[in-house]
Amino acid sequence: TTILGLESSCDDTAAAIVRRAADGTGAIVSNIVLRQDDLHASFGGIVPEIAARAHAEKIDLAVEAALERAGLGLRDCDAIAVTAGPGLIGGVLAGVMCAKGLSAAAGLPLIGVNHLAGHALTPRLTDGLAFPYLMLLVSGGHCQFLRVEAADRFVRLGGTIDDAPGEAFDKVARLLALPQPGGPSVEAEAAAGTETIRLPRPLLDRPGCDMSFSGLKTAVLRARDAAVATHGGLPRGVRRDLCASFQAAVRDVLTEKSRRALALSGDVTAFAVAGGVAANGTLRAALEAVAKEAGCPFVAPPPDLCTDNAAMIAWAGAERLAAGQVDDLTLAARPRWPLDAGAMPMLGSGK
Ligand code: ATP
Ligand code: FE
């Protein structure tokens, strides 16, 4: 089957074509991401209204480019998959409306996809991972350990009780006057720094695999202010050391909690990571070492499939289609949509 996927839940407008063979293997035929970084740069963060308008303007272009790159017409596709949440509602709506229009025009099935399921199922597209596997989903808005048992069955083992690491990377970048998105800029600065500034390792003293990252960001703020007071400004070297020390603290929390999650997860085929923060080279290497230590295979999709993209949405749609799950034109956009909605009915808990 050939699936067209659309993604517009945050600040990237994306469309992709993915094929799923009868044996369950996947292949990316085309993968277009139109970024909005420039539009939001002067605001120091994503402005939802600007993002929504840009998605509405660009989503058709992304679809055309994805089809053209694949050398296909809309009618060569078997279904249209679209992110139906969670995310910024204006952007999600722009994608859902576009997908409904295409579905109605070409008479193709419409499949609503949970953005987080897209991230969490990516290792099946890239590496053909079999269920069940342990997933650390670590992104701009989420951080959780999931036992992925089926394309629609995710058991949450623990996660952040406050900020997501990606959010912390972005806030730290803002505190240090580095460009957004913060992850790549902090990682680049950290590469030139040393882990010499003492920062906390929140919740390591507590059992289980829940995490906390908001205190870390506050500790970076204090360390920055102390450096500014001492030096009358933030020296380049201190900024680099702050980035290295912050990244090291995130690494230490994620690795220790991953050890515990691996112990809790029971029999799994692999330890996989996904989500934007999983694009970070230092974190990937550290998490790979944890898996090795536990004698468990490690899987991390290529960085451009960790950050937001539509190939993961097309793939998750292909998995739903294979299971006979399709939606219709009543498909709704959901700003909040926890992956384990069944198991954890408390909306708003455990980002
Ligand atoms: P969610 O998937 O939770 O809804 P999102 O879609 O906004 O959130 P992603 O695109 O999956 O998030 O990830 C974006 C986040 O990943 C940003 O916070 C960004 O700073 C972070 N990120 C990207 N690259 C890196 C990196 N190299 N190191 C650390 N963080 C990174
Ligand atoms: Fe995402």
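Of all residues in segment 83-126, none satisfies the criterion of being at positive phi and of a type in the set (V, I, T). Please specify each residue of segment 149-178 satisfying the condition of being within 16 Å of ligand 2 (Cβ to nearest atom) and of a type in the set (V, I, T). Across segment 149-178, the qualifying residue is only T160.
For G141, are the conditions met, namely being buried (at least 24 other Cβ atoms within 10 Å of the Cβ) and touching a helix residue (DSSP H, G or I) at 6+ places or on another chain (Cβ under 9 Å)? Working first, answer last.
Values: buried (at least 24 other Cβ atoms within 10 Å of the Cβ): no; touching a helix residue (DSSP H, G or I) at 6+ places or on another chain (Cβ under 9 Å): yes.
The answer is no for G141.
What residue, among those in segment 243-276 that are out of contact with any helix residue (DSSP H, G or I) (no Cβ under 6 Å at 6 or more places or on another chain) and under 17 Å from L199 (Cα atoms), is nearest to ligand 2 (Cβ to nearest atom)? Result: L254.
Out of the residues in segment 273-306 that are in a strand (DSSP E or B) and touching a residue at least 60 places away in the same chain (Cβ under 8 Å), state the one that is nearest to the chain's Cα centre (by Cα).
Start the filter on segment 273-306 by keeping residues that are in a strand (DSSP E or B), which leaves 273-274, 298-299.
Narrowing the set further to residues that are touching a residue at least 60 places away in the same chain (Cβ under 8 Å) leaves 273-274, 299.
On the way: V273: 10, A274: 6, V299: 15 Å.
So, considering only residues that are in a strand (DSSP E or B) and touching a residue at least 60 places away in the same chain (Cβ under 8 Å), the one nearest to the chain's Cα centre (by Cα) is A274.
I28 meets the stated requirement of being part of a strand (DSSP E or B), crowded, with 16+ Cβ neighbours inside 10 Å and touching a helix residue (DSSP H, G or I) at 6+ places or on another chain (Cβ under 9 Å). Across segment 179-198, which residue is farthest from ligand 2 (Cβ to nearest atom) among those that are touching a residue at least 60 places away in the same chain (Cβ under 8 Å) and crowded, with 17+ Cβ neighbours inside 10 Å? The extreme case among them is A190.
Residue-level analysis places D225 outside the set of residues that are away from ligand 2 (no atom under 16 Å from the Cβ), over 21 Å from the mean Cα position of the chain (by Cα), modelled with pLDDT under 95 and among the acidic types (D, E). Contact map, segment 100-124: first residue part of a strand (DSSP E or B), second residue among the basic types (K, R) and at pLDDT 95 or above, Cβ cut-off under 6 Å, separation 6 or more or different chains; pairs are I111/R320. Considering each residue of segment 244-258 in turn, at least one proves to be under 24 Å from F154 (Cα atoms) and among the acidic types (D, E). Selection over segment 154-203 of residues that are more than 15 Å from ligand 1 (Cβ to nearest atom) and under 30 Å from F131 (Cβ atoms) gives a count of 5.
From the list A120, A104, the lone residue that is within 16 Å of ligand 2 (Cβ to nearest atom) and out of contact with any Ser or Thr (no Cβ under 9 Å at 6 or more places or on another chain) is A120. A count restricted to segment 63-88 and to residues that are surrounded by fewer than 24 Cβ atoms within 10 Å (Cβ to Cβ), among the aliphatic types (A, V, I, L, M) and in a helix (DSSP H, G or I) stands at 4.
Scan segment 125-149 for residues that are part of a loop (DSSP other than H, G, I, E, B) and either more than 16 Å from S8 (Cα to Cα) or aromatic (F, W, Y) (or both) and jot them down. So that I can check it myself, show each step before the final result.
Filtering segment 125-149 down to residues part of a loop (DSSP other than H, G, I, E, B) leaves 128-132, 139-142.
Once the filter is applied, which keeps residues that are part of a loop (DSSP other than H, G, I, E, B) and either more than 16 Å from S8 (Cα to Cα) or aromatic (F, W, Y) (or both), segment 125-149 yields G128, L129, A130, F131, P132, H142.
Among the residues of segment 92-147, those that are within 14 Å of ligand 1 (Cβ to nearest atom) and of a type in the set (A, V, I, L, M) comprise V92, V113, L116, A117, A120, L121, M135, L136, L137, V138, L146. When each of A286, A263, A323 is tested for being small (G, A, S) and under 30 Å from L67 (Cα atoms), the lone residue that passes is A323.
How many residues does segment 307-325 hold that are under 16 Å from G118 (Cα atoms) and assigned to a loop (DSSP other than H, G, I, E, B)?
Taking segment 307-325 as the starting set, the residues that turn out to be under 16 Å from G118 (Cα atoms) are 307-323, 325.
Keeping just the survivors that are assigned to a loop (DSSP other than H, G, I, E, B) gives 307-310, 323, 325.
Qualifying residue count, segment 307-325: 6.
The values are calculated or read from the model by the stated rules, or taken from the named source; none is laboratory data. Please read all numbers here as calculations on a predicted model, not as lab measurements. Positions of Cβ are generated from backbone atoms using ideal geometry, with glycine treated the same way; all protein chains shown enter the neighbour counts.
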